[in-house]
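Notes follow once the structure below has been shown.
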Amino acid sequence: MTETTSGRRARKKALTRQALADAALRLFTERGFDEVGVREVAEAADVSLSTLFKHFPSKEALVFDLDADLEGALVAAVRDRAPGRSPLHALRDHLVRTRTAMRPDDPMARLVAGTPALREYARRMWSRHEQALAAALAEATGLAPDAPAVTGLARFALDAPGLAGAADDPARTMRELFALLEDGWAGTPLARAAEGPGRDDRDG
């Protein structure tokens, strides 16, 4: 009986949260983020204002309703990777699967791009993810959490989707960005072209 009651409560909470997120996205895209109040979102989802704040601590959080899930998935990509697979490759494949589907003309992408408050919230959100990801990378590699290899990879992994998302082929671009990180500038066609005939590292 207890498990049944607990399961029903969990499902009800999930449905309420989804209703709020759906209502928020619809109202924000129709009228603009700054033109809609949280009370209107609560009314559209048929819940009280206090219930809204139990699920979402701020108006901005309504847009990024999967914040905790995104962070958990990033950490899991490193911690639960297949034996013998490097953290870098695990992160690359995870980001290709999960962060290259949204196009710049997606309603949410347009909403965030056109709203300064949401862009700033997204920046802070990704910064929090960076700390969690760096901790997972440190655990996986045995390096210190503040080691440049750890903090650099965490920062790069979170910045890469923004660069790839603006490309015609986001998945291919994501792989190219990670190849640059893995192989270095010397392995790119641009580096070889810049060297010119007869030029080597000693020249400059």
## Note on the structure
Semi-axes of segment 45-151 from the Cα gyration tensor (sqrt of 5 times each eigenvalue, largest first, whole Å) come to 30, 16, 14
### Task
Provide the FRET efficiency to the nearest 0.05 for the F53-A186 pair, computing r from the beta carbons and using R0 = 41 Å.
0.20
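Using a probe radius of 1.4 Å on heavy atoms only, what accessible surface per residue do you get for the chain? Whole Å² is fine.
Values: 12450 Å² over 204 residues.
Per residue, the chain has an accessible area of 61 Å².
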### Query
For the chain, rounded, prolate or oblate, judged on the Cα gyration tensor with a ≥ b ≥ c (square roots of eigenvalues), a/c < 1.5 rounded, else prolate if a/b > b/c?
prolate
### Query
If you wrap a convex hull around the C-alpha atoms of segment 70-132 and split its volume per residue, what is the figure in Å³?
80 Å³
### Query
Under a plain spin-label model, where a point goes 7 Å from the Cα along Cα-to-Cβ, how far apart in nm are D168 and R79?
4.1 nm
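Can you send over the carbon and sulfur percentage of the accessible area for the chain, probe radius 1.4 Å, protein chains only?
Values: 6580 of 12450 Å².
Carbon and sulfur atoms account for 53 percent of the accessible area of the chain.
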## Note on the structure
Calculated from DSSP helices alone, with each H run of at least 4 adding -39500 (n - 2.57) and the total divided by the residues of the chain, [θ]222 nm to the nearest 500 comes to -22500 deg cm²/dmol
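The values are calculated or read from the model by the stated rules, or taken from the named source; none is laboratory data. The structure presented is a predicted model; accordingly, all values stated were derived computationally and were not measured. Quick reminder, even Gly has a Cβ in these numbers, built from the backbone with ideal geometry, and neighbours come from all protein chains shown. We work out accessible area using only protein heavy atoms, side chains counted, and drop any ligands, DNA or RNA first. Shrake-Rupley method; radii C 1.70, N 1.55, O 1.52, S 1.80 Å.
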